[in-house]
1. At what distance in nm do the modelled label points of residue 25 and residue 63 sit from each other, each positioned 7 Å from its Cα along Cα→Cβ?
2. Quick one: which residues, 5 or more positions from residue 10 or on another chain, have an amide H under 5 Å from its amide H? H modelled 1.01 Å from N in the peptide plane, none for Pro or chain starts.
3. Consider a paramagnetic label point 7 Å from the Cα of residue 16 along Cα→Cβ; state which residues of segment 26-66 have an amide N under 14 Å from it.
4. Amide H neighbours of residue 59 under 5 Å, counting only residues 5+ apart in sequence or on other chains, H built in-plane at 1.01 Å?
Amino acid sequence: MSQHDERTLTELTVPATAAGERLDRHLAELLGSRGAAERAVAAGTLVDGRARPKSFRLVGGEQITIPEAVPAPALPVPAEP
């Protein structure tokens with residue numbers, strides 16, 4: 001098993017309905033924010049086994065692999081009254 005395989009968090013197939021969508025926009029919907037999507041791309045998210053830029057246009061049917069190294073966005077702490 002390769003080093004990347006050992007740290008894989010998520011593998012998913014891009015639905016046909018996402019055809020024409022940018023990689024970062026699709027990841028933002030899945031991960032909850034544009035920041036998380038940018039971190040995922042920077043951390044080495046793969047599309048069909050190849051690193052792609054955040055502006056990569058999806059066609060549907062691709063396999064996306066999101067590495068475990070993607071940190072979750074920090075949530076603000078509510079102020080006490």
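Each reported figure results from applying straightforward, stated rules to the coordinates on display, with no laboratory input. Not measured: the values here are computed from a predicted model. Backbone-built Cβ (ideal geometry, glycine too); neighbour counts: all protein chains shown.
1. 2.6
2. Result for residue 10 returns 66.
3. Within reach of a label on residue 16: 59-62.
4. Here 20 satisfy the definition.
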